[in-house]
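What follows is a set of notes on a single structure, which appears directly below.
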Amino acid sequence: MRVAIYACVSSERQEKEHTIGSQLDALRTYAAKNGMEIDEEFTDEGYSGARLDRPALDRMRDLAERRGFEVLLTYCTDRLARKFVLQALILDELERFGVKTIFLEGGAADDPLSKLMHQITGAVAEFERAKITERYRRGKLYRARCGEIVSPDVPFGYVKIPRRDGVPTHAEIQETEAVIVRRIFDTYVKEDMTVRQIAKQLTLNRIPTPTNAGQWSWYAIDRILHEEAYIGTYYYNRKQCIPIEGAYGKKRQRFKCTLGPKEEWIPISVPPIVDLATFHAAAGRARENEAFSPRNLQEGGYLLRKLVRCGRCGCSCSALTSKQTYGGKVHCSHYYSCLRTTSGFLKQERCSQRRIRADVLDELVWEEVSTRLLDPALVLDAYQDHNTRRSVSSEQDGATDQDDRLKEQIKLSNKELSRLLDAYQCGALELAELQKRRQLVNSKIEMLNREQELLRKIAAEKKKETDIKASLGEFAALVSSNLKRISFENKQKLLRIVLDKVVVNDWRVDVYYNIPLPKPTPPPAEKVSTKFDLRSTCRFRRCDRVMPVVRKKSI
Ligand SMILES: [Zn+2]
């Protein structure tokens, strides 16, 4: 058996590690002990192990190719090459030439081979983990699309029923909690209580919370009021979670979760707890509260806050107070100002609409509105006129559209059922699978039917509502007697009911009403209610009066 030895040392490591001499000694001793006779000795002194173009190494490889020896003795793996890839390359080559390589020392702690093996094992494990996670995630998405509840928790008011006897995981109403949910909706919509008041009331009544905490928070109430599961659709895959980088010192990885795009949400049918009308009424109140929160009410009132719009760019106008000092006194002026006039916008993109004096505009619009409201005949006529046209209004068209859509969906689902049966008959589907899928489609049809029923109920309620409002004469009489003594808050409330928006373009003001008013006999050239001039020289001077545009919304 011909034996060759190879030793290598780079100049900068001479002192720290074994010198060529000590390496050769160790190799020779090993050969003698094991009865090997050394035919060739290759030594590279002062060459870095990071490169392959070492003269002795080249010679050794050449000899190996010529089958000049069968065994190569080296001190340790990194004598051959420091990089794993190069080591692997040489070892693979030697193996091909029938050379057995013996290392005197196994992988040391800083041995690149063992280090790399360690890294590779880690990487493979990580890859496997990622693969499993991804497969699991996709599997969950698929099951959710089939209508199965896959999230660990269900909203308050429901209980998760695990998969059993071929029936997929689904949610059922937990009546004790559902009662609380209905109570929250009812209190919010009918009793006009705020979320904070409801939270306080529930806590005082010792009603158990969703998290079993002692106190109800306004946040919990708000979440319940916005949860769409209560009207029959629970959404999965709503949130996108991104790991937070650099959150050190935490045992668990932290995530930042945001709402994803709605088209990626997966709707899952669940039994509804509240009716659609109540849910939408709650949503409407929440929207209104947000816009007209008293928390944002500023000094000076601003009667038309949130109602003024810029006629030039269409942006809403914010209320602002400007303070100026002259003669040692601070003078406050209140304005409505277009949002696009702030320095937040590029100079060339800013709106050129001037600020509008708040007191002037408030007075002007209030005068206009109160004049109209003081005329009960006008309001009543308008309402009746509107009522007759309402039967063919687009609101009804919208309802019919939705009804048609539901009918179409029910038809499609029934078709799906018959297709499933066909698939079973021709043997493409197992019985268990058929049952599972049929149940899913059936629950979908059931939900659609429920929705259709609700839609019809709402339509009936709306009709009833319009009948009640036919007695608007009483309302008008009431308004005229109270209008003069009305407080600021009530004035503001009334304007928010009656007005849709007030558009200001330069010096011109257009008032858009929510209540329908009759069209004047000669139809106006422009669809605006009134024209005013806001210039101080001719304040309140009315230009040609035009009757207001008729809005679809009614009071
Ligand atoms: Zn503007």
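The values are calculated or read from the model by the stated rules, or taken from the named source; none is laboratory data. None of these values were measured; they are calculated from a predicted model. Note that each Cβ is placed from the backbone with ideal geometry, even for glycine, and that neighbours are counted across all protein chains shown. Remember, those area values only see protein heavy atoms, side chains included, never the ligands or the DNA or RNA. Shrake-Rupley method; radii C 1.70, N 1.55, O 1.52, S 1.80 Å.
What is the one condition in (1) crowded, with 19+ Cβ neighbours inside 10 Å; (2) more than 16 Å from the ligand (Cβ to nearest atom); (3) without any contact (Cβ under 8 Å) to a residue 24 or more places away in the chain that Val365 does not satisfy?
Here Val365 clears every test but (3).
Going through segment 161-170 one residue at a time, which ones are closer than 16 Å to Ser443 by Cα and part of a strand (DSSP E or B)?
Ile161, Val167, His170
Just the residues that are modelled with pLDDT of 65 or more and outside any helix (DSSP H, G or I), please, taken from segment 97-146.
Phe97, Gly98, Val99, Lys100, Thr101, Ile102, Phe103, Leu104, Glu105, Cys146
Cβ-Cβ below 8 Å, separation at least six or inter-chain, first residue in segment 211-236 and more than 27 Å from Gln452 (Cα to Cα), second at pLDDT 90 or above and basic (Lys, Arg): which pairs?
Trp216/Lys200
So the check is Cβ under 6 Å with 6+ separation or different chains; which pairs have a first residue in segment 21-47 that's assigned by TED's automatic domain parsing to the domain that holds Leu72 and a second one that's assigned to a helix (DSSP H, G or I) and among the β-branched types (Val, Ile, Thr)?
As it stands, the answer is Thr43/Ile20; Glu45/Ile20, since those pairs meet every condition given.
So which of Ala283, Ala291 ends up being more than 16 Å from the ligand (Cβ to nearest atom) and modelled with pLDDT of 80 or more?
Ala283
Can you confirm whether segment 143-155 contains a residue that is open to solvent by 100 Å² or more (accessible area, probe 1.4 Å) and free of Cβ contacts under 8 Å to residues at least 12 places away in the same chain?
There is at least one residue in segment 143-155 that is open to solvent by 100 Å² or more (accessible area, probe 1.4 Å) and free of Cβ contacts under 8 Å to residues at least 12 places away in the same chain.
Within segment 309-337, how many residues are touching a Gly at 6+ places or on another chain (Cβ under 9 Å) and either within 13 Å of the ligand (Cβ to nearest atom) or open to solvent by 40 Å² or more (accessible area, probe 1.4 Å) (or both)?
Of the residues in segment 309-337, 3 are touching a Gly at 6+ places or on another chain (Cβ under 9 Å) and either within 13 Å of the ligand (Cβ to nearest atom) or open to solvent by 40 Å² or more (accessible area, probe 1.4 Å) (or both).
For segment 171-181, which residues satisfy the criterion of being in a helix (DSSP H, G or I) and crowded, with 16+ Cβ neighbours inside 10 Å?
If the condition is that a residue be in a helix (DSSP H, G or I) and crowded, with 16+ Cβ neighbours inside 10 Å, then Glu177, Ala178, Ile180, Val181 are the ones that fit.
If I go through segment 182-196 residue by residue, how many of them are at pLDDT 90 or above and either open to solvent by 60 Å² or more (accessible area, probe 1.4 Å) or charged (D, E, K, R) (or both)?
3
Out of everything in segment 343-359 that is closer than 20 Å to Val503 by Cα and open to solvent by less than 70 Å² (accessible area, probe 1.4 Å), what residue ends up being farthest from the ligand (Cβ to nearest atom)?
Going through the qualifying residues, I end up with Ala358.
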